[in-house]
Amino acid sequence: MASTSNVRAPWRDLLASHMAQTPGYEFTVATVGQDENKRPVPRVRTCGYRGFFPELEIHPKSQEEMKQQVKDGGNPPTYESDMFCFTTDTRMEKLGQLESSGNDIEAVFWLKDLMTQWRVKGKAFAIGDPTEDAEHEKISRSELEDFLRVKQNFNGPIEEWTWERAVTKYFANHSPLARGSFKNPAPGQPRSQLPSDPSLRMGQKVNDLHDPVARGNFRVVVIRPDVVERLDLSSQEDMRRWIWVLNSRGDHYGQYTWTETEVWP
Ligand SMILES: Cc1cc2nc3c(=O)[nH]c(=O)nc-3n(C[C@H](O)[C@H](O)[C@H](O)COP(=O)(O)O)c2cc1C
């Protein structure tokens, strides 16, 4: 059951305004993997930042496709959250690493124009398995749902909102060629090995928002932050650093509070 409270995290609007002033939208995402001796090891990669789940402004062309292919053109604007998201291919390594490490994640943005680093620690959950009854899909949804907030100006019925349409919007937001990347041969496998499945090829364009192969591999990863840190290097004489920590769980996210501490940089 999602929260009906509208208390935003105290850092959210500032971070959003920094993002709005930033031309690039990539961030660095770290997970915990295992080496060959099963020792925990850090793993990092660059990912495209997709904003706060589930709000996403999509290209008019993609909006048109949503209108044609998705019931009511997609979800009503029911929810917002303080959770960051990115999209990925389920065949890459990061999802297995999340699963085997208790979903731990850390992400960092370096906004050079603002001389500011934002660092986020938390748990991440992947959604978008077309088999909606799949156990991991049910777990992810239940871990995230309390952290959705009904938007202040939304008065419609909240039951109309579905996870499936939320994920479809992120898929639609990709170009047909980018959607086709989810039908590439399996990432990380030797290029000398041709896939036995003929539907897996490079350079395909996908216009069907429910293409079963591409959607089978496509996931939205949602990061539920516990600790958020802002490092402001804009003044060399007086560099500043703030840390916000999520306090212990209430029943709903709306009951959560954050403690802000300014620390020495
Ligand atoms: C600019 C840029 C943007 C990227 N965006 C994403 C992304 O949004 N999602 C993603 O899974 N990988 C993205 N990648 C690729 C990842 O960095 C990485 O190579 C891939 O996810 C495989 O990592 P893994 O096997 O550790 O999961 C991007 C790479 C670059 C250079």
Segment R43-M239, extension gain: residue separation times 0.36 nm, minus the distance between their alpha carbons: 67.7 nm
So, with points 7 Å from each Cα along the Cβ direction, the M92-D197 label distance in nm works out to 1.8 nm
If I stretch the segment between K71 and V213 completely, what's the gain in nm (0.36 nm per residue apart, minus their alpha carbon distance), one decimal? 49.0 nm
Near K94, which aspartates and glutamates are there with a Cα under 20 Å away, not counting those fewer than 8 places off in the same chain? E26, D35, E36, D104, E106, D129, E135, E137, E143, D226
In sequence order, what are the phi-derived ³J(HN,Hα) couplings for the range 223-235 according to the Karplus relation 6.51 cos²θ - 1.76 cosθ + 1.60 with θ = phi - 60°, rounded to whole Hz, with x for glycine and proline? 9, 9, x, 10, 9, 10, 10, 10, 10, 10, 9, 5, 10
For a distance above 22 Å, tell me the whole-number percent of Cα pairs in the chain that qualify. 60 percent
Helix hunt in the chain: which complete DSSP H runs extend at least 30 Å axially by C-alpha with mean Kyte-Doolittle at least 1.0? none
Give me the dipole magnitude in Debye, nearest 20, for the chain about the Cα centre, with unit charges on the beta carbon: positive for Lys and Arg, negative for Asp and Glu. 660 debye
In the chain, what percent of the accessible surface is made up of carbon and sulfur (1.4 Å probe, ligands and nucleic acids excluded)? 50 percent
Residue separation between Q34 and M115 times 0.36 nm, minus their alpha-carbon distance, gives in nm 25.8 nm
Per residue, how much accessible area does the chain show when a 1.4 Å probe rolls over the protein heavy atoms, in square angstrom? 53 Å²
Using +1 at the C-beta of Lys and Arg and -1 at the C-beta of Asp and Glu, which of N75, T162, F27 has the Cα lying farthest in the positive direction of the dipole of the chain? F27
Anchor K67: lysines whose Cα lies under 29 Å away (excluding residues fewer than 8 positions away in-chain): K138, K151, K169, K183, K205
Which residue, chosen from L148, W258, H18, occupies the Cα position most advanced towards the positive end of the dipole of the chain, where the dipole is computed from +1 (Lys, Arg) and -1 (Asp, Glu) charges on Cβ about the Cα centre? H18
Cα-only Rg/Rh for the range 152-265 with Kirkwood Rh rounds to 1.16
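The values are calculated or read from the model by the stated rules, or taken from the named source; none is laboratory data. Computed from a predicted model, the values in this text were never measured in an experiment. Cβ atoms come from the backbone with ideal geometry, glycine included; neighbour counts cover every protein chain shown. Calculation scope for accessible area: heavy atoms of the full protein, side chains included, ligands and nucleic acids excluded. Shrake-Rupley method; radii C 1.70, N 1.55, O 1.52, S 1.80 Å.
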